[in-house]
Amino acid sequence: MDLFVRRGLSLVSIVGLFYVLGLLIAQLFPILMPFLAAIVIAYLFNPLVELLTRWIHIPRWLAIALVFLTITITAVVVLWFLVPLVWEQVLYARANIPNAIQWLNFTLRPWIQHTFHIETSRINLNVVTAWMTNYLQTHYSFDDTQQMLTRIAQSGMSIISVLSLIVLVPIVTFYLLLDWKAMLERLHRLIPRRIEPRTVQILHECDQVLGSFVKGQLLVMILLGIVYAVGLQLIGISVGLIIGIVAGLLSIIPYMGFAVGIFSAAIACLFQYGFAWQNLALVGIVFMVGQVIEGYILQPFLLGDRIGLSPVAVIFAVLAGAQLGGVIGMLIALPVAALLVVLMRHLHEFYETTEFYSASYPITLADSFTEPSTVRYDLPTETNDVSNLNSDQQSPQNTTVNLSTTTASSQTDEPATSQSTASPRKD
């Protein structure tokens, strides 16, 4: 079979295999979600487990149990103190919804009409309440007994699936952490020996970049949320704790936490104090201080230049992630970009070693895919062209004379050669 046909069939087979795998993953994606979450959690917790097994010299299963226990106790303590405060502010925000609507009707609306000469309609609380009631009755009506039982069953199944995920993810994470080294060794043995050194080097760099970025970003997210929440509480914003926590959590997406936080804090400040420019200035100062702390303290010390992307490239990566994967795409945009930077750096190093890049003579793109021994670069010069032209214009007689002259000279050289060889005998 022709080489071209064999390569074409191999390419079609590989593309078909990846297509079938993509369809299979798409069908099994709901089932794969807890396992993917467990893999991510195991990857993040594995350094802690390794640290405990090295320093304390305890079995690996005990180190995993200590890590799980520590994280559970920390989460319970944080939620024990945080949930009452957040719930209190949620109740405050709900109780002040009528006051907010009244402020919109009698403060903001007249100001917009007087400043921009734009006519706006009033917001009627009774109309909003009637619309919400009608929407709930239309989409969530319980007049029919069968429909009510169906919705209860669906809700029960959703609750069971969520609870099963909550139980399944820690179990899968535990077993993944327990077999983490053996799993990595098995994957290592699958790498072809010819590309094993370069592959291990690339994977090691990806692990360093991704691990450092994720851990650093989590710390930045927590510390920035604390800065925003404390700052807004100090300047007297009643729902400052909620806004600060949300802004800190959203800071995992670049520029998203700052934008959502300052906008929400400004709206809350307008509802609480009206058009008081001093309070609005204080809100701006809180978020500017947060940005300064993030840009000059948290990012350099916790993250550094882990990604190697410019701000424009970061914005493009986030927007591309949002277009391709929505909110999840925005969350994983920067880690994926960090891995792509590592791969592109190694691809650039390989490109610099190719003959297409390092050749000092003119070379075409088609020549770069051929063997170097089969490619000849006989570049014609002006002198060679003139000599070839003169030789083509010679007559056949001149050619005969030249050949006879050459023959005669060769015959005359033979006696001289024999004399020179015979002279030592005379001596």
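Quick notes on this one:
- Here the peptides 16-23, 313-320, 286-293 are ranked by packing, the mean other Cβ count within 10 Å, and the order with the highest first is 286-293, 313-320, 16-23.
- Placing unit charges on the Cβ atoms of the charged side chains and taking the dipole of segment 188-265 about its Cα centre, the candidate lying farthest along the positive direction among 203, 236, 252 is 203.
- Residue separation of residue 267 and residue 184 scaled by 0.36 nm, minus their Cα-Cα distance, works out to 24.8 nm of gained length.
- Linear extension gain, residue 204 paired with residue 66, 0.36 nm per residue minus alpha-carbon span: 47.0 nm
- Here's the picture: a label point sits 7 Å out from the Cα of residue 58 along the beta-carbon direction, and within segment 65-81 the residues with their amide nitrogen under 12 Å of it are 65-71.
- Taking packing as the residue-averaged number of other Cβ atoms within 10 angstrom, the listed peptides 98-105, 218-225 run from highest to lowest as 218-225, 98-105.
- Protection proxy ranking, highest mean first, for peptides 73-80, 204-211: 204-211, 73-80, where packing is the per-residue count of other beta-carbon atoms within 10 Å, averaged.
Every read-out reported here was derived from the displayed coordinates using simple, explicitly stated rules and does not represent laboratory data. Worth saying up front: this structure is predicted, and the values here are computed from it rather than measured. So basically every Cβ, Gly included, is an ideal-geometry build from the backbone, and we count neighbours across all protein chains shown.
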